[in-house]
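Asks: So that we are looking at the same thing, I have put the structure below in structure tokens.
The values are calculated or read from the model by the stated rules, or taken from the named source; none is laboratory data. Note that the structure is a prediction, hence the values are computed from the model and not measured. Note that each Cβ is placed from the backbone with ideal geometry, even for glycine, and that neighbours are counted across all protein chains shown.
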């Protein structure tokens, strides 16, 4: 059985990979795979380069991605009059009555799961549509105890999912403590620059630490509501990246302290779609 890590390059999957390198989770994986949407913030790519550098992990880290970055595909879809096929993101939808809802989420399946499956098949040596024997690959997924609801069995008979952090009874906080004890840097949040699953703290962090990523998010936010947008036309509702249903560059991201109030919510969002 081949063993591979599904590497999102966030806190949990980074901790899992480094624990495996320390021999705290066994047996040693054969490889790790990072599914690159092409739209991650700069700190994520910097962290990934560190993970792939010599003497960090004793197994190879493979990257896989579609030919077109997700943000480019979104621009092409919105500017193409709605005729072009593109993966939907879970934008907030303005229903016009003060309530919001989330749109369909196809981006995770098409830009994370499908490229991972393609690379896994490639590592096993099987061409597309070729039958793979049952239980040929064990996939390690970095889900911690505080998000155990995300645990799901593998959809394909040739895969067996494993959750080493659950086995170790480790929460996200435990992962951060392990990284600090061992002298490793805290990984950035792994998510596309324009992912709506962000707290105000995380949007502010993106704006302040990654100006190019912030500009990309602002451009996507405007593009999905453009008058010629096939994206908004097929929804029949206005999509926004921020829950306030305001353009991203018009949202007040000042902290509670800056507004003279105690900040009670200055915690990282756990996220719901990172692998």
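Asks: Taking the condition farther than 30 Å from residue 71 by Cα and over 18 Å from the mean Cα position of the chain (by Cα), does residue 131 pass? First the steps, then the outcome.
Replies: Working: farther than 30 Å from residue 71 by Cα: yes; over 18 Å from the mean Cα position of the chain (by Cα): yes.
Yes.
Asks: Of the residues in the stretch 210-242, how many are part of a loop (DSSP other than H, G, I, E, B) and modelled with pLDDT of 90 or more? Step through it out loud before you land on a result.
Replies: Taking the stretch 210-242 first, the residues part of a loop (DSSP other than H, G, I, E, B) are 210, 224-229, 236-237, 241-242.
Still in the list and also modelled with pLDDT of 90 or more: 210, 241-242.
Selection size over the stretch 210-242: 3.
Asks: Then there is this: If I ask for residues that are in a loop (DSSP other than H, G, I, E, B), at negative phi and surrounded by fewer than 22 Cβ atoms within 10 Å (Cβ to Cβ), which ones from the stretch 21-42 would you list? Show your work before the answer.
Replies: Narrowing the stretch 21-42 to residues in a loop (DSSP other than H, G, I, E, B): 22-30, 36-41.
So of that shortlist, the ones also at negative phi come out as 22, 24-30, 36-37, 39-41.
Within the stretch 21-42, 22, 24, 25, 26, 27, 28, 30, 36 meet the criteria.
Asks: Spot the failing condition for residue 51; the list is (1) more than 23 Å from residue 217 (Cβ to Cβ); (2) free of Cβ contacts under 8 Å to residues at least 60 places away in the same chain; (3) not in a helix (DSSP H, G or I), and only one is missed.
Replies: Just one mismatch for residue 51, condition (3).
Asks: Pick out the one residue from 57, 18 that is farther than 15 Å from residue 165 by Cα, buried (at least 16 other Cβ atoms within 10 Å of the Cβ), more than 18 Å from the chain's Cα centre (by Cα) and at pLDDT 95 or above.
Replies: Values: 18 fails: farther than 15 Å from residue 165 by Cα.
Just one listed residue meets the conditions, 57.
Asks: Restricting to the stretch 111-131, count the residues that are more than 14 Å from residue 154 (Cα to Cα) and in contact (Cβ under 8 Å) with a residue 24 or more places away in the chain.
Replies: Quick first cut of the stretch 111-131, residues more than 14 Å from residue 154 (Cα to Cα) only: 111-112, 115, 118-119, 121-131.
Filter again for in contact (Cβ under 8 Å) with a residue 24 or more places away in the chain, leaving 111-112, 115, 118-119, 123-124.
So the count comes out to 7.
Asks: Does at least one position in the stretch 168-183 carry a residue that is under 20 Å from residue 112 (Cα atoms) and either touching a strand residue (DSSP E or B) at 6+ places or on another chain (Cβ under 6 Å) or surrounded by 15 or more Cβ atoms within 10 Å (Cβ to Cβ) (or both)? Spell out how you get there, then give the answer.
Replies: Going residue by residue through the stretch 168-183, those that are under 20 Å from residue 112 (Cα atoms) are none.
No, every residue in the stretch 168-183 fails to be under 20 Å from residue 112 (Cα atoms) and either touching a strand residue (DSSP E or B) at 6+ places or on another chain (Cβ under 6 Å) or surrounded by 15 or more Cβ atoms within 10 Å (Cβ to Cβ) (or both).
Asks: Right, here's the next one. Among residues belonging to the stretch 67-105 that are modelled with pLDDT under 75 and not in a loop (DSSP other than H, G, I, E, B), point out the one that is nearest to residue 246 (Cα to Cα). Spell out the reasoning first.
Replies: Just the residues of the stretch 67-105 that are modelled with pLDDT under 75, to begin with: 74-87, 95-101.
From what is left, the residues that are not in a loop (DSSP other than H, G, I, E, B) are 74-79, 100-101.
Numbers: 74: 19, 75: 19, 76: 23, 77: 22, 78: 19, 79: 21, 100: 12, 101: 14 Å.
Per the stated criteria, the residue is 100.
Asks: Got a number for residues in the stretch 106-125 being part of a loop (DSSP other than H, G, I, E, B) and in contact with a helix residue (DSSP H, G or I) (Cβ under 9 Å, 6 or more places away or on another chain)? Reasoning before the result, please.
Replies: Initially, the stretch 106-125 is screened for residues part of a loop (DSSP other than H, G, I, E, B), giving 106, 125.
Still in the list and also in contact with a helix residue (DSSP H, G or I) (Cβ under 9 Å, 6 or more places away or on another chain): none.
Matching residues across the stretch 106-125 total 0.
Asks: Mind counting the residues in the stretch 139-157 that are within 22 Å of residue 27 (Cβ to Cβ) and surrounded by 18 or more Cβ atoms within 10 Å (Cβ to Cβ)?
Replies: Number satisfying all stated conditions: 6.
Asks: Which ones in the stretch 24-52 are touching a strand residue (DSSP E or B) at 6+ places or on another chain (Cβ under 6 Å) and within 17 Å of residue 108 (Cα to Cα)?
Replies: 33, 34, 35, 36 - these are the residues of the stretch 24-52 that are touching a strand residue (DSSP E or B) at 6+ places or on another chain (Cβ under 6 Å) and within 17 Å of residue 108 (Cα to Cα).
Asks: Just checking, which of 257, 270 is at pLDDT below 95, closer than 30 Å to residue 21 by Cα and in a loop (DSSP other than H, G, I, E, B)?
Replies: Values: 257 fails: closer than 30 Å to residue 21 by Cα.
270 is the lone residue from the list that is at pLDDT below 95, closer than 30 Å to residue 21 by Cα and in a loop (DSSP other than H, G, I, E, B).
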